[in-house]
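The values are calculated or read from the model by the stated rules, or taken from the named source; none is laboratory data. Being a predicted model, the structure only gives us computed values, none of them experimental. Reconstructed Cβ throughout: ideal geometry from the backbone, glycine too, with neighbour counts over all protein chains shown. Surface areas here come from the heavy atoms of the whole protein model, side chains and all, with no ligands, DNA or RNA. Shrake-Rupley method; radii C 1.70, N 1.55, O 1.52, S 1.80 Å.
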Amino acid sequence: MSKVARIPGYQSKNPKQNRGIIGDREIRFKCSLQNVILDVLRGRPGWTEVPGDGDWDFYWCDREWLHQNYDTMFLHEHQKILHFRNHYELTRKNLMVKNLKRLRKQTEREQGKTEAQSFDFYPTTYELPSEYHIFVEEFKKNLGIIWIMKPAAKSQGKGIFLFRRLKDITDWKKGEYQPLSDQTRDVPETYVVQRYIENPLLIGGRKFDVRVYVLVCSYNPLKVWLYRGGFARFSNTRFSLDSIEDTYVHLTNVAVQKNAPDYDPEKGCKWSTQQLRKYLAAKHGVDKVQKMFKAIDNIIIKSLQSVQKIIINDKHCFEMYGYDVLLDSELKPWLIEINASPSLTASGKEDYDLKFGLLSDLLNVLDLENRLTGKEKRIGGWDLLWDDGPIVADDNMDCTPANGSAVSTPNSYLGCFNDRKKQLREIYLTAQSVKKS
């Protein structure tokens with residue numbers, strides 16, 4: 001008789017020792033990745049790495065492992081694991097748009113066209129090949145504009161190209177763009193085709209997008225945290241619509257840009273979100289920039305609400321998304337895509353420090369040590385944006401951009417000053433005194 005494979009966290013020689021709250025013992029973790037998150041976990045006081053198939057309390061797993069094992073796992077009360085079961089409903093490009101379109105239609109039906117306009121933050125999009133004929137009709141109405149093709153389930157700029165003519169995608173329609181691993185398929189892999197944003201906001205003549213980190217601890221009720229830090233990713237080459245085949249002009253992915261002939265690995269192509277906010281406030285005024293950041297909040301909440309009833313909610317699961325947002329020349333933010341596994345490999349010291357703080361504070365929010373009260377609105381660099389409804393900011397949490405003006409009432413501070421270590425000391429002292437009393 002073959003031996004049944006033992007799934008970590010599922011079975012134990014002594015089940016009693018794994019039940020209930022962790023208490024004072026060491027927290028046992030597993031990690032599928034070999035980058036910044038592993039450094040954070042190994043360096044965290046009171047946490048110890050579990051070898052092999054040992055029992056764990058916290059698992060930063062990859063998506064493939066979750067898909068293979070989730071349905072056969074039993075998780076104890078205290079265990080936490082990265083990714084919800086069907087996270088791809090938000091992170092596959094075609095499903096993201098499908099869910100947004102559905103919620104927009106529902107909103108228009110129930111609340112009217114004006115409210116439905118709050119969903120006007122993603123470009124005109126079609127899924128190919130299933131919506132090819134609908135796309136062709138739209139294409140013929142807008143001859144001469146640029147479209148962009150993207151594989152629905154790939155990342156890092158793989159398989160993306162721009163085109164102006166229908167015949168430019170004839171090869172795709174014939175199946176040239178099928179995955180190399182599956183040449184027997186009769187139809188191409190799923191792509192999305194989107195209207196290309198031809199008027200991106202430029203800084204120094206270069207296109208950029210903004211990476212925003214969002215933590216979801218629950219979908220029912222919806223509980224969302226927004227990280228203050230992030231970065232703008234710049235293309236290495238000055239923007240022009242004359243060379244739509246040049247990926248170094250049009251794609252800002254680091255995986256693409258690092259292969260540019262004149263790429264400088266020391267300099268990189270990044271600004272911190274704090275730098276970006278200060279620059280934009282100085283150039284365009286604080287009011288316009290605040291309106292822009294408020295629109296990014298709207299993108300985050302509306303996109304999560306679009307899958308709130310679809311995602312399989314599990315109190316053991318959490319998700320850290322990487323939102324990619326493009327700003328146009330009118331400072332209007334556009335949702336480009338949402339990543340379920342944003343890169344945690346550092347491209348330099350500043351990037352390492354950002355990601356180390358981001359992940360350390362994420363563990364503080366999850367609070368496996370049970371040190372907090374559960375009523376905090378800010379933990380390190382994470383601000384509670386939504387908890388079954390919008391969160392209002394405290395008076396002592398103002399964000400002051402270049403001219404010293406404070407933001408409006410939502411508890412949102414993307415790109416604001418982040419003295420995370422001082423703030424952590426304060427909340428732990430407060431939580432300690434509350435628990436004693």
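Checking each residue in the stretch 201-237 for being under 24 Å from Val289 (Cα atoms), open to solvent by 10 Å² or more (accessible area, probe 1.4 Å) and outside any strand (DSSP E or B) picks out Leu201, Gly204, Gly205.
Among the residues making up the stretch 393-435, a single one is over 22 Å from Asp367 (Cα atoms), polar (S, T, N, Q) and modelled with pLDDT of 75 or more: Thr409.
Quick grid of which residues meet (1) touching a Gly at 6+ places or on another chain (Cβ under 9 Å); (2) modelled with pLDDT of 95 or more:
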site	(1), (2)
Phe293	yes, yes
Lys302	no, yes
Ser306	no, yes
Trp334	no, yes
Ser341	yes, no
Leu366	no, yes
Leu372	no, no
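Restricting Lys150, Lys98 to those that are modelled with pLDDT of 95 or more and within 21 Å of the chain's Cα centre (by Cα) reduces the list to Lys98. No other residue among Lys140, Lys167 is among the basic types (Lys, Arg), modelled with pLDDT of 90 or more and in a helix (DSSP H, G or I) apart from Lys140.
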